[in-house]
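The block underneath contains the structure these notes are about, expressed in structure tokens.
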Amino acid sequence: MSPASSFDLMGYKPEGDKKNSDFFQEFLPKVYERRVSSGVDELLSSMAAVMIQVDPGDGINYLEELTIMGPYRFHSAHVDATHKVYVLKNSCKRNTPILIVFEPLAHDYMDDLVRLNLLYPMSRQKPHARYIGEIFWSSDVKATRDALESQFIRFYDEGESPNGFFFNPHMAFTYPSDFTGNKVGYWDAEKPELDTLNLGEKLTLTDEEKARLDKADQWATDSGVMHLVMGLDHMATRILMGDREHAILEFLTLSPHYFWGAYNIGDQNSSTNVTRNPKVNDDKHSPAKVFTANNVPSYLNSFDGLPMPTEDFVRNYGHRMHHMAMEVKDGDDGKGEKNVDRVVGLLMNQGTKFLAHVVGECRDTPDLKQIFSKHSQYSILITEYVERCHHFKGFFTKQNVAALTAAAGADEQFVHGNHGVYD
């Protein structure tokens with residue numbers, strides 16, 4: 001990927017075969033031009049953090065799961081008026097986003113994201129569990145907010161959320177997107193210390209909690225999983241067909257990303273649309289954001305009779321983050337077993353459940369192998385593992401993503417009364 005100094009936003013030609021509307025083609029260059037002229041493009045750099053909320057009582061459970069499944073390790077715990085807040089850092093790769101996990105103190109905690117969860121039949125089961133959003137480094141948070149508010153982007157003001165984390169002179173946060181349900185935040189690059197955030201008082205883990213995380217860390221270290229899984233590579237949000245172009249253009253307004261490209265996955269009635277950060281040479285320093293949507297909306301899909309796992313997910317869970325992908329180091333064990341196969345085998349033996357087998361082949365040409373885990377019972381997020389072989393460029397092949405999409409759809413069915421199964 002080209003560094004920022006040489007990347008041509010206006011001249012870049014997107015990859016893929018997904019045709020966008022005239023509306024999109026008109027406004028994409030306008031979004032880029034305004035981002036540059038308003039100063040937002042220069043103010044923003046890489047991703048600083050990713051935020052996730054879980055149900056009360058699930059905080060340590062989720063930290064244990066994250067410790068087993070990748071390189072993220074507990075750094076600190078805090079408590080404020082409404083939440084326990086946990087910070088995790090990538091122990092294998094520097095200058096990558098931290099993970100911030102929020103655990104409400106009370107089961108009746110209510111905020112805008114909980115209200116969104118309550119609208120959908122399968123997200124009500126874990127009403128607090130949700131990907132919140134990501135935070136980007138900004139060289140001037142106030143200037144970033146001022147520029148974006150002039151473009152009718154809504155930011156939180158004091159008292160507009162019960163979670164005090166969102167009110168901070170060194171940070172600014174948007175309201176959840178109407179198109180994705182995700183928030184975007186900005187963190188002052190001149191004040192990168194955690195103690196500048198509204199994390200609350202330091203919280204000491206109990207001996208039992210420490211022992212659980214230490215045991216998980218020891219397993220991941222001894223098995224080799226920690227040294228093979230390098231960190232977040234991309235994150236994929238599922239949205240409605242009619243929101244696809246708006247979601248992309250909105251995110252390009254709010255971030256330093258560019259529209260890398262989009263591909264049709266015809267037999268799954270979907271398209272996969274990728275945005276990337278041109279200011280890094282490795283996506284793990286600032287993960288790509290992916291948006292997946294139907295090609296034909298659900299109410300018309302019966303004319304074609306195709307599977308539609310993407311829009312079914314939205315109807316069952318709401319428009320929200322679907323999965324977070326971890327990149328596995330390319331290589332093998334010396335006997336022909338690729339690293340991703342080894343990681344999956346180790347995790348399966350340890351108890352992690354996956355939706356299907358690893359898809360893709362890595363032989364003598366650039367390719368990639370991928371697999372989805374089952375949804376986390378704590379975050380409702382799928383973890384994807386992806387290994388790029390022979391310097392493969394990109395995030396998927398059509399064959400791979402079709403198989404992954406189908407596998408996820410089969411696991412996301414909603415049984416509704418006497419009317420059968422809603423995929």
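Bear in mind these aren't lab numbers, they're just calculated from the coordinates by the rules spelled out. These figures come from a predicted structure and were not determined experimentally. No Cβ is skipped: glycine too gets one built from the backbone with ideal geometry, and neighbour counts run over all protein chains shown.
Things worth noting here:
- Global geometry of segment 39-136, whether rounded, prolate or oblate, following the gyration tensor of its Cα atoms and the 1.5 cut on a/c: oblate
- Net length gained if the chain between Asp214 and Ser6 were fully extended (0.36 nm per residue, minus Cα distance): 70.5 nm
- Counted over all Cα-Cα pairs of segment 203-325, pairs farther apart than 22 Å make up 51 percent.
- For segment 201-240 and segment 113-146, distance of Cα centres in Å: 21
- Cysteines of the chain lacking any other cysteine Cβ under 4.7 Å from their own Cβ: Cys92.
- Build a GNM of the chain with springs between Cα atoms under 10 Å apart, and of Tyr12, Tyr72, Tyr186 the one that fluctuates most is Tyr12.
- Annotation: extensible slack from Asp222 through Asp207 equals 3.2 nm (criterion: 0.36 nm per residue apart, minus Cα-Cα distance).
- In terms of surrounding Cβ atoms within a 10 Å radius of their Cβ, Trp219, Trp187 rank from fewest to most as Trp219, Trp187.
- CD proxy at 222 nm, helix term only [per DSSP H run n ≥ 4: -39500 (n - 2.57); per residue of the chain; nearest 500]: -8000 deg cm²/dmol
- Length gained on full extension, Glu149 to Val79, computed as 0.36 nm times the residue gap minus the Cα-Cα distance: 22.1 nm.
- Between segment 339-358 and segment 252-309, the alpha-carbon center distance in angstrom: 26
- Which label in (1) 73, 44, 42; (2) 53, 53, 51; (3) 76, 58, 41 gives the computed Cα extents along the principal axes in Å: (2)
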